[in-house]
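A short worksheet on the structure shown next.
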Amino acid sequence: AGAARAAVARTDRVACRYVRREMRSLSAEDRDAYLDAMREIYELSDAAGRARYGANFRSGAYFTAKHASADFCFHGNRAFLTTHPAFTLQVETMLLRINASAPSVYWDFMADHQYGGRWYLDSPMYRPDWFGTLDNGAEDGYRIRGRFRDVKVARDLRTNDSEWTMHSPYGFVSN
């Protein structure tokens, strides 16, 4: 029959490069991997996340407080071009800790200009199976519909202040 083949061991260095893809260009499987990992970040406390994903885990509450903090000033200044990408890299690191196959993404919000004044109704970004709806009324406590419906609002734990972010009176993320 055939001759036996010898196994060959080889050690090489491999470079892994992540290329960000626009949300709308993702397959449904890749989009779900990203959004499910994002939801996990927002559902877990720092302690629960560290127990599950290791000592360097940071929760959605951590990232929300950091992003909204006057101490870091991620928006509206000359440091934006360097600080915001560093912040985004931290979030992506957590997403990959949760799901190593989750893609790196960006949102080209200028693409939503095609929807005019109906952007919050017609953009796929605000579908229930993506980030959730924005046309939420009082009849439903202004709560978004979709995969992030039960995500709680992060608060500044030092002051229990949630005034810096939109929230429902019940503590859920809202429009």
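Would you mind calculating the gained length between Asp32 and Ala68 on full extension (0.36 nm times residue separation, minus the Cα-Cα distance), in nm to one decimal?
Residue separation times 0.36 nm, minus the Cα-Cα distance, leaves 10.3 nm.
Which listed residue (Ala6, Asn99, Gln114) has the Cα farthest towards the positive end of the charge dipole for the stretch 1-136, taking +1 on Lys and Arg C-beta and -1 on Asp and Glu C-beta about the Cα centre?
Among Ala6, Asn99, Gln114, the one farthest towards the positive end of the dipole of the stretch 1-136 is Ala6.
Using amide H atoms built in the peptide plane, which far-off residues or other-chain residues are under 5 Å from Val105 H to H?
So Val105 has HN proximity to Arg21.
Full extension from Gln114 to Tyr53: what is 0.36 nm times the residue separation minus their Cα-Cα distance, to one decimal in nm?
On the way: separation 61, 0.36 × 61 = 21.96 nm, distance 4.03 nm.
Fully extending the segment from Gln114 to Tyr53 adds 17.9 nm.
Give, as a single signed number, the net charge of other residues whose beta carbon lies under 12 Å from the beta carbon of Leu44, with Lys and Arg counted +1 and Asp and Glu -1.
+3
Find the centroid of the Cα atoms in the stretch 37-56 and in the stretch 107-131, then give the distance between the two in whole Å.
29
Does a label point 7 Å from the Cα of Arg39, set along Cα-to-beta-carbon, have any residues of the stretch 105-137 with amide nitrogen under 12 Å, and which are they?
Within reach of a label on Arg39: 128-132.
Sorting check: for 33-46, 113-126, 13-26, 51-64, which peptide has the highest mean count of neighbouring beta carbons within 10 Å, and how do the rest follow?
Values: 33-46: 18.4, 113-126: 13.1, 13-26: 9.9, 51-64: 16.1.
The densest-packed peptide leads the list: 33-46, 51-64, 113-126, 13-26.
Note down the net charge around Pro128, summing +1 for each Lys or Arg and -1 for each Asp or Glu among other residues with Cβ under 10 Å from its Cβ. Walk me through the numbers before you get to the answer.
Details: positive: Arg127, Arg145, Arg147, Arg149; negative: Asp129.
So the surrounding residues net to +3.
Could you calculate the contour length gain from Trp107 to Asn77, that is, 0.36 nm times the residue separation minus the distance between their Cα atoms, to one decimal place in nm? Can you show the working numbers first?
Numbers: separation 30, 0.36 × 30 = 10.80 nm, distance 2.11 nm.
In short, 8.7 nm is gained.
No value in this document is a laboratory result; all are computed from the given coordinates. Note that this is a predicted model, so its numbers are computed, not measured. All Cβ positions, even for glycine, are placed from backbone atoms using ideal geometry, and neighbour counts span all protein chains on display.
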